[in-house]
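Before any comments, here is the structure.
Taken together, the values in this text are just the output of simple stated rules run on the coordinates, not laboratory data. Just so it is clear, the model here is predicted, and its values are computed rather than measured. Note: ideal-geometry Cβ built from the backbone for every residue, glycine included; neighbour counts use all protein chains shown.
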Amino acid sequence: MYEGMNAVQTQTYGPEARGGATRADVVISNKSIHYPKVINPHILVCLTQESYNKFSDIVRPGGLLVTDTHYVKQERVVDARQVQLGMYEAVMEEIGRPIVLNICMLGALIGLTQVVKAESILKALEAKVDPKFMAFNEKALELGLRLSNHHK
């Protein structure tokens with residue numbers, strides 16, 4: 001939005017929404033996007049064991065697979081760079097609110113890939129997040145960026 005790129009997001013919840021593997025696909029491109037679903041993602045993020053078990057084999061060879069050490073035990077060999085981050089523990093220790101784990105992951109993802117700038121994410125958050133919760137989200141984004149620095 002703030003970098004002149006196109007993006008589309010689709011999601012699938014189905015019966016899995018009550019604790020199983022849900023899926024959200026995000027396509028980001030500097031060109032027109034003609035198909036919103038992802039077949040073999042360059043980057044795959046798994047925040048639950050169920051999603052890891054179900055989706056870890058779809059990551060593109062040579063891609064990036066990111067998991068959280070609290071929720072996911074990496075049990076498979078995949079043809080991708082696998083990065084395990086202790087995001088849940090860091091969020092609970094430094095922020096104390098697990099609801100911002102997704103923003104921490106976003107920060108880590110930006111730090112690992114530089115797909116967009118952190119400043120752009122902050123602008124988007126400011127436009128969508130209630131101001132009384134912005135400090136928690138900003139801290140979570142910075143935490144994710146900091147955690148990613150150990151895996152570059």
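Data overview
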| item | result |
| --- | --- |
| Sequence-distant residues sharing a close amide H with Arg23 (under 5 Å, placed H) | Thr12 |
| Above-threshold pairs, the threshold being 31 Å between Cα atoms, out of Lys54/Lys123; Lys73/Lys123; Lys37/Lys73; Lys31/Lys73; Lys37/Lys132; Lys73/Lys128 | Lys54/Lys123; Lys73/Lys123; Lys31/Lys73; Lys37/Lys132; Lys73/Lys128 |
| Estimated FRET transfer efficiency (Met134, Met5; beta-carbon r; R0 25 Å; 0.05) | 0.60 |
| Mean separation of Cα contacts under 8 Å, 6 or more apart, over the residue count of the chain: relative contact order % | 17 |
| Positive dipole terminus of region 1-116, leading residue within Ser29, Gly62, Asn102 (C-beta point charges) | Ser29 |
| Choice from Tyr35, Tyr52, Tyr13 showing the highest fluctuation, given a GNM over the chain with Cα pairs closer than 10 Å | Tyr35 |
| Student exercise, region 6-151 dipole from Lys, Arg, Asp, Glu Cβ charges, in Debye to nearest 20 | 360 |
| Leading residue at positive end of dipole, the chain (Cβ point charges), from Ala7, Met134, Val45 | Ala7 |
| Gaussian network model of the chain, springs between alpha carbon atoms under 10 Å - residue of Ser51, Ser32, Ser120 with greatest fluctuation | Ser32 |
